[in-house]
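Okay, structure first, notes after.
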Amino acid sequence: MPANLIIPFRSQPPKSGLFSLKDAYATMTKITFIQPDGESQTVEAENGLTVMEAAKLNDIAGIEAECGGACACATCHVYVDEAWRDKTGKAADMEEDMLDFAFDVREGSRLCCQIKITDALDGLVVRVPAKQF
Ligand code: FES
């Protein structure tokens with residue numbers, strides 16, 4: 001099992017029927033973080049978390065997330081790979097305002113605490129900026 005694989009266990013059994021092994025584990029989505037030097041790390045994270053939470057749980061370098069996901073620090077800035085921008089959607093107004101404080105904002109810049117992980121993002125690729133501020 002890879003060292004960076006996190007398998008969250010549901011604390012509540014399903015409401016209907018038997019409790020299967022499949023039900024016991026939450027759905028996992030793969031996300032790849034690419035560092036400025038090209039090094040990449042693919043992690044698996046539970047749907048419903050944010051990309052920032054997946055980064056922090058897996059010790060991804062360069063994702064500071066000082067405000068803990070409150071969209072108030074801009075230290076979780078990433079560049080969403082062009083192929084994934086439709087699926088991640090655009091930044092909301094509050095996120096756009098915070099991006100004004102991020103370093104080297106480009107097309108595809110997002111605060112990854114505002115990107116919720118779903119099945120649709122399985123395989124998501126984001127790039128970490130050279131610095132956060
Ligand atoms: S963690 Fe602070 S804005 Fe994303």
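Taking amide H positions as modeled 1.01 Å from N, with prolines and chain starts lacking one, the residues under 5 Å from Val80 and 5 or more places away or on another chain are Ser109, Arg110, Arg127. Among beta bridges from DSSP that stay inside region 29-127, the antiparallel ones total about 70%. For the residue pairs Lys87/Lys131; Lys30/Lys87; Lys56/Lys87; Lys87/Lys116, the C-alpha atoms sit more than 18 angstrom apart in Lys87/Lys131; Lys56/Lys87. Sorted fewest first by neighbouring Cβ atoms within 10 angstrom, Asp97, Asp119 come out as Asp119, Asp97.
For region 44-84, the residues whose backbone nitrogen is under 18 Å from a point 7 Å from the Cα of Asp104, taken along Cα to Cβ, are 61-65, 74-82. Distance between the modelled labels on Lys87 and Ala70, one decimal in nanometres: 3.2 nm (7 Å Cα→Cβ projection). What is the local net charge at Ser109, summed over the other residues whose Cβ is closer than 11 Å to its Cβ (Lys, Arg +1; Asp, Glu -1)? Result for the local shell: 0.
Counted residue by residue at 0.36 nm each, then reduced by the alpha carbon distance between them, the extension gain from Lys116 to Thr27 reaches 30.7 nm. When the label point is put 7 Å from the Cα of Lys131 along its Cα-to-beta-carbon vector, which residues of region 65-91 have a backbone N closer than 19 Å? Inside the label zone: 65-67, 73-79.
Taken together, the values in this text are just the output of simple stated rules run on the coordinates, not laboratory data. None of the values given here were measured: they were computed from a predicted structure. Counting neighbours? That spans all protein chains shown, and the Cβs are built from the backbone with ideal geometry, glycine included.
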